[in-house]
Amino acid sequence: MAIKPVLRMGNPLLLQQARAITDFDSHELNALIRDMQDTMRAEDGAGLAAPQIGESVRVVIFGVDKNPRYPDAEAVPQTILINPTITTLSDDMDEGWEGCLSLPGLRGLVPRYRHIKYSGFDLYGNAFEVEATGFHARVVQHECDHLDGILYPQRIKDLRQFAYTSELL
Ligand code: NI
C-alpha cells in the first residue's frame, strides 16, 4: 500500500485518453487499486481516477460515507469501476459545486446529467451496471471525465463560478 502524489492540472498526463484494462485480477491492477484507495482516503476525496496518480488506464474509484469535504452530500456506494461506459437516461442537467484533488483549494459550478446508468467491470472482470441520480451520478461523470482527459473547469459554463473554496466560505 502506498499514498501516491496526486498530479495537478497542467500535467500532460491528465489530458490524455486513458487506455482500457485488458488483464483483470492481475498483480499490477490490484496494486494500482490499493494505491488509489490509500490515496483517496488520505486526501479525503469522493473519487479518484488512475491518471491522477500517473497511470493512464481506465480505472476509477469513488464512494462517500460521511466526507468532511462534502458535509451535505448524499452517500455514494464505495465502487471500483473499470472500463466504464455512461448512458444518460434523461437530458435534464443540474448544476453543482465540484472540487478535484488535481485542483486543490478550488471549486467550480458544473452542469452534469441528473440521471445516468453506468456499466463496466470490477477488479475480477465481472460486468456490472448501476443506475444513479444526483450526487452519485455527478461523481461518476466527474471521475469518468478524467479517463478522457477532461478536468471539470472545461465543463464550467460561467467562469465567474470558479473560485477558491476559502473565498466562498
Ligand atoms: Ni477529479
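The values are calculated or read from the model by the stated rules, or taken from the named source; none is laboratory data. Computed from a predicted structure; not experimentally measured. Please note: Cβ atoms are built from the backbone with ideal geometry, for glycine as well, and neighbour counts cover all protein chains shown. Only protein heavy atoms, including side chains, enter the accessible area calculation; ligands, DNA and RNA are left aside. Shrake-Rupley method; radii C 1.70, N 1.55, O 1.52, S 1.80 Å.
Among the lysines, which fall within straight-line cross-link reach of residue 157, defined as a Cα-Cα distance under 27 Å, with same-chain neighbours fewer than 8 residues apart omitted?
Within reach: 117.
If you count, for each residue, the other Cβ atoms within 10 Å and average over each peptide, how do 114-125, 13-24 line up from highest to lowest?
On the way: 114-125: 16.8, 13-24: 14.2.
Ranked from most to least packed, the peptides come out as 114-125, 13-24.
So between residue 19 and residue 165, what do we pick up on full extension, going 0.36 nm a residue minus the alpha carbon distance? Working shown, then result.
On the way: separation 146, 0.36 × 146 = 52.56 nm, distance 3.27 nm.
The residue 19-residue 165 span can extend by a further 49.3 nm.
If a/c stays under 1.5 just call it rounded; otherwise compare a/b with b/c (prolate if a/b is bigger, oblate if not). Do that for the range 1-159, with a ≥ b ≥ c from the square roots of the Cα gyration tensor eigenvalues.
Details: a/c = 1.44, a/b = 1.20, b/c = 1.20.
Rounded.
Using the Cα gyration tensor of the range 5-54, with a ≥ b ≥ c the square roots of its eigenvalues, what is the shape: rounded (a/c below 1.5), prolate (a/b larger than b/c) or oblate (neither)?
On the way: a/c = 2.43, a/b = 1.15, b/c = 2.12.
Cα axes put the range 5-54 in the oblate bin.
How far is helix 134-147 tilted, in degrees, relative to the longest principal axis of the Cα atoms in the chain, given as a value from 0 to 90 rounded to the nearest 10?
On a 0 to 90 degree scale, this one is about 60.
How far apart, in nm, are the 7 Å Cα→Cβ label points at residue 124 and residue 154?
3.5 nm
By average Cβ neighbour count within 10 Å, what is the ranking of 94-102, 25-33 from highest down? Mind dumping the intermediate values first?
Values: 94-102: 18.7, 25-33: 13.8.
Final packing ranking: 94-102, 25-33.
When ligands, DNA and RNA are left out and all protein chains stay put, how many square angstrom of accessible area per residue does the range 34-119 have with a 1.4 Å probe?
Working: 3620 Å² over 86 residues.
Accessible surface, normalised per residue, equals 42 Å².
Take each of the peptides 130-143, 46-59, average the number of other beta-carbon atoms within 10 Å over its residues, and list them starting from the highest.
Numbers: 130-143: 21.0, 46-59: 22.6.
So the order, starting with the most tightly packed, is 46-59, 130-143.
Assign unit charges at the C-beta atoms only (+1 for Lys and Arg, -1 for Asp and Glu), then state the dipole size of the range 40-169 relative to its Cα centre in Debye, rounded to the nearest 20.
Working: 12 positive and 19 negative charges, 33 e Å.
The calculated dipole for the range 40-169 is roughly 160 debye.
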